[in-house]
Amino acid sequence: MTSRDTVLARIRAALTDVPRDSDPTTAALPRDYLTTHAHRTPQQTTDLLADHLTDYRAHVHRTTPTELPTTIARLLTDHGTRSIVVPHDLPADWLDAVPDTIHRHTDDPAQTAQDLDTIDSVITGCALAIAETGTIVLDAGPTQGRRRITLVPDHHICVIHTPDQIVDSVPQALPRLTPHHPQTWISGPSATSDIELDRVEGVHGPRTLDVIL
């Protein structure tokens with residue numbers, strides 16, 4: 001008997017109580033696992049997200065809706081940004097304080113990767129954020145634009161509305177996402193390590209991630 005035979009035999013044994021005409025796409029499955037590892041207040045959930053994002057070397061900033069334009073402008077100035085790209089439906093007032101010296105581009109399907117590589121920063125919203133994993137999810141929905149604009153520029157400013165856009169866990173996040181939308185799951189700035197564990201940032205996404213809560 002080969003290893004393949006052993007594996008298939010175990011699968012058949014596990015399925016002995018399943019009718020042969022059962023449809024795996026409609027069969028009820030138990031969903032009795034925990035959807036979160038703790039009971040938290042919205043503030044505690046937000047704090048946990050901020051802690052994990054910081055652990056992943058993202059820069060976390062807290063502000064109010066009124067102060068948001070000033071916060072965005074400050075982050076662009078601190079980064080030395082000369083040009084930005086934004087989704088076509090980004091709220092106009094988010095950019096009210098951005099200096100006129102910073103050239104603005106709007107997300108456009110005609111833009112190539114080479115075009116976006118000349119742009120310093122991108123500003124977007126998000127679909128949601130997951131506190132337990134420190135993850136931001138983009139799905140090309142409102143205020144997010146196409147996936148490309150958040151992968152090529154070297155600096156990403158992402159705005160997260162609290163507490164509405166923050167969930168505790170992955171099981172809580174999945175029902176709020178549309179499966180057929182392109183999704184990007186971000187846990188900190190883009191980074192990788194070679195076999196000697198030398199960390200290199202900006203390999204397959206922005207080198208700098210500023211998160212505004």
Q: Out of the residues in region 158-171 that are touching an Asp or Glu at 6+ places or on another chain (Cβ under 9 Å) and outside any strand (DSSP E or B), state the one that is least open to solvent (accessible area, probe 1.4 Å).
A: Ser169
Q) Restricting attention to region 173-213, which residues are among the hydroxyl-bearing types (Ser, Thr, Tyr), surrounded by 11 or more Cβ atoms within 10 Å (Cβ to Cβ) and at pLDDT below 90? A) Ser187, Ser190, Thr192
Q: Note down all Cβ pairs under 6 Å where the first residue falls in region 100-121 and is assigned to a loop (DSSP other than H, G, I, E, B), the second is surrounded by 14 or more Cβ atoms within 10 Å (Cβ to Cβ) and among the charged types (D, E, K, R), and they're at least six residues apart or on different chains.
A: Asp107/Arg146
(Q) Can you find a residue that is open to solvent by 70 Å² or more (accessible area, probe 1.4 Å), among the basic types (Lys, Arg) and outside any loop (DSSP other than H, G, I, E, B) anywhere in region 8-25? (A) yes
Q) When you go through Ala38, Ala97, Ala113 one by one, which is the residue that is aliphatic (A, V, I, L, M), open to solvent by less than 100 Å² (accessible area, probe 1.4 Å) and at pLDDT 95 or above? A) Ala97
**Q.** Boolean, His103 is farther than 18 Å from Val211 by Cα, within 20 Å of the chain's Cα centre (by Cα) and open to solvent by 80 Å² or more (accessible area, probe 1.4 Å)
**A.** no
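Could you list, in sequence order, the residues of region 48-63 that are outside any loop (DSSP other than H, G, I, E, B), in contact with a Gly (Cβ under 6 Å, 6 or more places away or on another chain) and either open to solvent by less than 40 Å² (accessible area, probe 1.4 Å) or farther than 18 Å from Glu132 by Cβ (or both)? Talk me through it step by step, then tell me what you get.
From region 48-63, those outside any loop (DSSP other than H, G, I, E, B) are 48-55, 59-61; that's our starting set.
Next, only the ones that are in contact with a Gly (Cβ under 6 Å, 6 or more places away or on another chain) stay: 52-53.
Residue satisfying the conditions is Leu53 alone.
Conditions tested, residue by residue: (1) on the phi > 0 side of the Ramachandran plot; (2) touching a strand residue (DSSP E or B) at 6+ places or on another chain (Cβ under 7 Å); (3) of a type in the set (Ser, Thr, Tyr).
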| site | (1), (2), (3) |
| --- | --- |
| Pro69 | no, no, no |
| Leu75 | no, yes, no |
| Ser83 | no, yes, yes |
| Ala92 | no, no, no |
| Asp107 | no, yes, no |
| Thr112 | no, no, yes |
Q) Which ones in region 124-157 are basic (Lys, Arg) and in a loop (DSSP other than H, G, I, E, B)? A) Arg146
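The values are calculated or read from the model by the stated rules, or taken from the named source; none is laboratory data. A quick note: this is a predicted structure, and the numbers were derived from the prediction, not measured. With ideal geometry, Cβ positions are generated from the backbone for all residues, glycine too; neighbour counts draw on all protein chains shown. These area figures cover heavy atoms from the full protein model, side chains too; ligands, DNA and RNA do not enter into them. Shrake-Rupley method; radii C 1.70, N 1.55, O 1.52, S 1.80 Å.
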